[in-house]
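Engineer: For reference, the structure I am asking about is given below.
The values are calculated or read from the model by the stated rules, or taken from the named source; none is laboratory data. What you are looking at is a predicted structure, and each value in this text was computed from that prediction instead of being measured. Ideal geometry is used to build each Cβ from the backbone, glycine not excepted, and the neighbour counts take in all protein chains shown.
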Amino acid sequence: MNQRELILAAWQKHKATRAPSKKMQMAEEFFGYVEDHPEFCWIQLSEEFRSKYYDAFDEIIPVLMETDDPFIVHNLVRFADLDQAKEVDAAKELATNVDPGRHEVTMARLAGTKNETIRGAVKKRAKLPDSVKARIAAKEEQ
């Protein structure tokens, strides 16, 4: 299953448990946009999200995180703006809750961020892969 299909399936599951609201309507429009534009990659989708759908952050980002797909989760982090409080909180939640082995590349990226809150959440995790531990150590030496 490709990333788009996983995301849209996660959206269908998520929206079935949510009450209608303006943010849910915005999220519905965003996921419709994702479905209608299979030619767009993460760059275009993240730009569209930021320009038109950011107010629905709390409905859209959890759907992407719920996929637990390493590529989707990594792209969330890759395109995150860690100067935004909501995005820092989401990254911290990822660092705290994902399987560090399954999401090794993402955890290594989070361990290398300049954001102390996120790095602290990574460092608190048990059973980190060696690559993540090495990234923590390298960041601390800087």
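Engineer: Which residue pairs have Cβ atoms closer than 7 Å, lie 6 or more positions apart in sequence or on different chains, and pair a first residue in segment 35-47 that is loosely packed, with under 13 Cβ neighbours inside 10 Å with a second residue that is of a type outside the set (Lys, Arg)?
Structural biologist: From segment 35-47, no pairs qualify.
Engineer: In this structure, is residue 109 among the charged types (D, E, K, R), touching a helix residue (DSSP H, G or I) at 6+ places or on another chain (Cβ under 9 Å) and not in a helix (DSSP H, G or I)?
Structural biologist: So residue 109 fails the test.
Engineer: Could you tell me which residue of segment 81-120 is nearest to residue 138 (Cα to Cα), considering only residues that are of a type in the set (Lys, Arg) and within 13 Å of the chain's Cα centre (by Cα)?
Structural biologist: 109
Engineer: Here is a follow-up. When segment 112-125 is examined, which residues are found to be assigned to a helix (DSSP H, G or I) and either surrounded by fewer than 20 Cβ atoms within 10 Å (Cβ to Cβ) or aliphatic (A, V, I, L, M) (or both)?
Structural biologist: Across segment 112-125, the qualifying residues are 116, 117, 118, 120, 121, 122, 123.
Per-residue answers, yes or no, for (1) assigned by TED's automatic domain parsing to the domain that holds residue 139; (2) in a helix (DSSP H, G or I):
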site	(1), (2)
28	no, yes
40	no, no
63	no, yes
76	no, yes
93	yes, yes
96	yes, yes
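Engineer: So, residue 19, is that one hydrophobic (A, V, I, L, M, F, W, C) and at pLDDT 95 or above or not?
Structural biologist: Criteria not met by residue 19.
Engineer: What do you reckon, is residue 89 in a helix (DSSP H, G or I), in contact with a helix residue (DSSP H, G or I) (Cβ under 9 Å, 6 or more places away or on another chain) and of a type in the set (D, E, K, R)?
Structural biologist: Against the criterion (in a helix (DSSP H, G or I), in contact with a helix residue (DSSP H, G or I) (Cβ under 9 Å, 6 or more places away or on another chain) and of a type in the set (D, E, K, R)), residue 89 qualifies.
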